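Take a look at the structure below.
The values are calculated or read from the model by the stated rules, or taken from the named source; none is laboratory data. Since this is a predicted model, take the numbers as computed values, not measurements. With ideal geometry, Cβ positions are generated from the backbone for all residues, glycine too; neighbour counts draw on all protein chains shown.
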Amino acid sequence: MVFALDREAQGDESIVGQAAALHEAGIRVRTLTLFYDEWLGKLPVWELERVSLMFDIGEIHRARYGRVKRLADVAFGLVGLVPVVLLLPFVLVGDLLANRGPLFYRQERVGKNGTTFRILKFRTMRPDGHNLANEWTTEDDPRITPFGHLMRRTHLDELPQVFNVLRGDLSIVGPRPEQPHYVRELAGKIPFYDLRHRVRPGLTGWAQVKYGYAGTEGDALQKLQYEFFYLRHQSLTLDARVLGRTIRSVMGLGGR
């Protein structure tokens, strides 16, 4: 059992005294912020502005971590070319039967330090479906073709992003990159939203394995709390943990 104290409770000496007695008796007591960090794996929204600049970020403050992470990205990208080549005939046949149109889909995304790049995927929507740039994509979006649904369920559509990894646009693990117009919109509403762009975005991330699909502004706020947790604890160990959970999720074994 764990008891968590919010900010108001921490300012009440009588409550703090009772909490101390419980702690001495063997019951775990945490501040609400530590409870979020240790048990939920995210930084609570009310802490985003207060502590957003008060912790080290691996890619910025630990040069060795950044170099090793990049080497791992390149190695992963080279290995990832193999399934792209092997599965390309399957995708070509699937497109011919149930997903007619261009093979690839390119879209502007915001990367490290706010620079934009074109992300590469196998197309999953009707050729005209991607033109509706101001609409959030939902999991059951009617614009997605039958074969596109299959590729999304199996994450096959994500494979071409290994080229983005090799180019340095993406990392294996990091905050997922968003479209520029979403970034402009969310940056004006969510405190310190742009801090997520201090690191290279990723194929997968802590927010993806902990929260899942995001299709609204509310979801974006929830995921930002997990992304700040990732920035705060960025390390090769956490990257390996995210990658392991992602692999389990893709294989249908549960990723959380």
Qualifying position, being in contact with a strand residue (DSSP E or B) (Cβ under 7 Å, 6 or more places away or on another chain) and at pLDDT below 95, among 183, 173: 183
Would you mind telling me which numbered condition in (1) at pLDDT below 90; (2) over 18 Å from the mean Cα position of the chain (by Cα); (3) basic (Lys, Arg) residue 64 fails? (1)
Every residue from the range 108-144 that is at pLDDT 75 or above, over 18 Å from the mean Cα position of the chain (by Cα) and surrounded by 19 or more Cβ atoms within 10 Å (Cβ to Cβ): 122, 123, 124, 125, 144
Of (1) modelled with pLDDT under 95; (2) under 26 Å from residue 182 (Cβ atoms), residue 100 fails just (2)
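Any idea which of 153, 184, 196 is out of contact with any Cys (no Cβ under 6 Å at 6 or more places or on another chain), buried (at least 23 other Cβ atoms within 10 Å of the Cβ) and among the charged types (D, E, K, R)?
Values: 153 fails: buried (at least 23 other Cβ atoms within 10 Å of the Cβ); 184 fails: buried (at least 23 other Cβ atoms within 10 Å of the Cβ).
Selected residue: 196, the only one of 153, 184, 196 that is out of contact with any Cys (no Cβ under 6 Å at 6 or more places or on another chain), buried (at least 23 other Cβ atoms within 10 Å of the Cβ) and among the charged types (D, E, K, R).
Taking the range 234-243 on its own, how many of its residues are part of a helix (DSSP H, G or I), more than 14 Å from residue 207 (Cα to Cα) and in contact with a helix residue (DSSP H, G or I) (Cβ under 9 Å, 6 or more places away or on another chain)?
Total satisfying the criteria: 1.
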